[in-house]
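So the structure is just underneath, and the comments pick up after that.
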Ligand SMILES: [Zn+2]
């Protein structure tokens, strides 16, 4: 359903899609036995303890994984077509410390280079969202975030059961990342979490109920795990199912400021909006119409934006929040390119939803926007039923 969006114009500009997979994979077998014992994590509890609805993590391995993936992809993209793959012409990128004068020792450089080469050869051509191996690896690295190794050599419960060469690559790159880049990445993740936490605490339960009602389903009973990573995929966030887990890039300009809450709930909506997709498919079949690509995705963008808008406008009217925004604008933006993010705070109380601000509707979804305004908006306002709204949208296609 989402696959068609990847690689096209819309795909580059939208937040993540969902993936459903129930395929077993060999390396996970070991961990079915070990997993629960080490499931506790560097979950970031901000100020007053755990948040409702979401469980926010800043985990070492998952951050390393995404950094390696990103650097390997950049290397792949930088290679001109027809470049020999001997590697002899490839210069070490040292992107691990792009903004600093840190020089890696030759052994550090070797370990990092090995890891990038491994990721370039094995993962750079695969999609973080749609490739089963990558999404299972991501989940596994999340589960082992409290471990400082993955082989279990020092601690049996830290045997992540990954293939031996991958374990070796990751454990080799880990000290380099830990020494030169992880502290800044972790700070950026925690700063992002700290900024969004008050909104989640105040509004999270209400928003989750509202969205579940709209989609005529139940919000998951368990808190949704969110892995906050300095970088993620090209979309800046993605969501995988079974188990439902969200990954959000803390340094992505699209995810900053007031947008952070919307990104969280948009991504979580991927896990609960199945009734919408089913209803669209059903109505299309009844009318012998082709199933419109991405209408469901435009619908969840639209819905999250509409539900978040009044909440954000109310928030921006409160005196404490104005003070906080001014502080954020003036203050310390050392961590994550927060300057750019903060400029996305509206000056007045008008909140612009993500899809509108990022121009998604102008990139092939114009027709969807007018359908949503005409037939879905009345449902959101209580003037139509779910079934009627979907039926009318599909009729008008
Ligand atoms: Zn999405």
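Relative to one another, the C-alpha centroids of region 196-262 and region 280-316 are positioned 17 Å apart. For region 156-276, count all C-alpha to C-alpha pairs, find those more than 22 Å apart, and express that count as a whole percent of the total. Roughly 46 percent, once rounded to a whole number.
When 127, 317, 288 are arranged by Cβ crowding within 10 Å, least crowded first, meaning fewest neighbours, the order is 288, 317, 127.
Report, to two decimal places, the Cα Rg of region 228-267 normalised by 2.2 N^0.38 Å (N = number of residues).
On the way: Rg = 9.6 Å, N = 40, 2.2 N^0.38 = 8.9 Å.
Here the answer is 1.07, to two decimals.
Extending 7 Å from the Cα toward the beta-carbon at both residue 109 and residue 216 defines two label points whose distance is 6.2 nm.
Sorted ascending by nearby beta carbons within 10 Å, beginning with the fewest, 143, 227 become 143, 227.
On full extension of the chain, what length is gained from residue 287 through residue 242, given 0.36 nm per residue of separation minus the C-alpha to C-alpha distance? Mind showing how you got there, number by number?
Values: separation 45, 0.36 × 45 = 16.20 nm, distance 3.20 nm.
Full-extension gain reported as 13.0 nm.
Taken along the Cα-to-beta-carbon direction at a fixed 7 Å, the label points for residue 309 and residue 146 span 4.4 nm. Under the simplified labelling scheme, the residue 387-residue 362 pair shows an inter-label distance of 4.0 nm, with each label point 7 Å from Cα along Cα→Cβ.
Report the calculated FRET efficiency for residue 178 and residue 202 (r = Cβ-Cβ distance, R0 = 51 Å), to the nearest 0.05.
Working: r = 35 Å, r/R0 = 0.69.
It comes to 0.90.
Over region 115-204, what is the relative contact order in percent, taking alpha-carbon pairs closer than 8 angstrom and at least six residues apart?
Numbers: 38 pairs, mean separation 16.7, N = 90.
Contact order relative to length: 19 percent.
Each reported figure results from applying straightforward, stated rules to the coordinates on display, with no laboratory input. Worth saying up front: this structure is predicted, and the values here are computed from it rather than measured. Reconstructed Cβ throughout: ideal geometry from the backbone, glycine too, with neighbour counts over all protein chains shown.
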